[in-house]
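Please find one structure pasted underneath; my questions will follow.
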Amino acid sequence: MRDTSLVYPVRKDGRILLGHKRRGMGAGKWNGFGGKREDGETMRECAARELFEESGLIADPKAFEAAGDLYFHQPSDPSWSHAGIVYFIYAWTGTVHLSDEMEPKWFLPEEIPFGEMWMADRVWLPMILKGNKIRGTIYFEKDGSTVYDYHFEMV
């Protein structure tokens, strides 16, 4: 799989924008905004493109703040394994809107619906929401959803 970006816009009042996935892989789950890097794109350019496509927000790729450098490892299917960079963004233009892929909604940090997110997100997202920058690997079972191990270091 191609490497991916994942973006969490954060407003001045601390609310975080999540998207409720409407179709495809992860449908029905809450997540940040992102996807696969296209040929010729930097990871920040990928993050900006995906954020716009999925939420309508326009952000300068240079303004993304990296918070996580993750490797999603699927030993039973190496073609699924990939790297992902997690970003926060604090400045943008445009108006949040529903897309064919995501239904955006703002959440206070204590209201984030972890029970309706990917199992892996429940592990690392709380770490970066506390201000930590992390690097690590998440190991998945054959179902591609269940996490059986993970290793992180603060950077």
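Can you give the Kirkwood hydrodynamic radius of the chain from its Cα pairs, in Å with one decimal?
15.6
What residue among Trp30, Trp106, Trp80 shows peak mean-square fluctuation when the chain is described by a Gaussian network model with Cα springs under 10 Å?
Comparing Trp30, Trp106, Trp80 in a Gaussian network model of the chain, the most mobile one is Trp80.
Which angle from 0 to 90°, rounded to the nearest 10, does the C-alpha axis of helix 119-129 make with the longest principal axis of the chain?
Approximately 50 degrees, to the nearest ten.
Ok, one more. Once label points are set 7 Å from the Cα along Cα→Cβ at both Asn132 and Arg2, what is their separation, rounded to one decimal in nm?
Going from the Asn132 label point to the Arg2 one covers 3.1 nm.
At 222 nm, what helix-only mean residue ellipticity would the chain give, in deg cm²/dmol to the nearest 500, using -39500 (n - 2.57) for each DSSP H run of four or more?
Details: 2 runs with 24 residues, N = 155.
Taken over the chain, the calculation gives -5000 deg cm²/dmol.
Between Leu18, Leu70, Leu98, where does the largest GNM mean-square fluctuation fall for the chain, given springs only between Cα atoms within less than 10 Å?
Most flexible of the set in this elastic network: Leu98.
While we're looking at this one, here's another question. Helix 43-55: angle to the longest alpha-carbon principal axis of the chain, degrees 0 to 90, nearest 10?
60
Okay, next question. Quick one: longest stretch of the chain between exposed loop trypsin sites (Lys or Arg not before Pro), exposed meaning at most 13 other C-beta atoms within 10 Å and loop per DSSP?
Longest run free of exposed loop sites: 24-129.
Full extension from Asp39 to Phe52: what is 0.36 nm times the residue separation minus their Cα-Cα distance, to one decimal in nm?
This chain segment gains 2.9 nm when fully extended.
Coordinate-derived values only; no laboratory data. Everything numeric here is computed off the predicted structure, so don't read it as measured data. With ideal geometry, Cβ positions are generated from the backbone for all residues, glycine too; neighbour counts draw on all protein chains shown.
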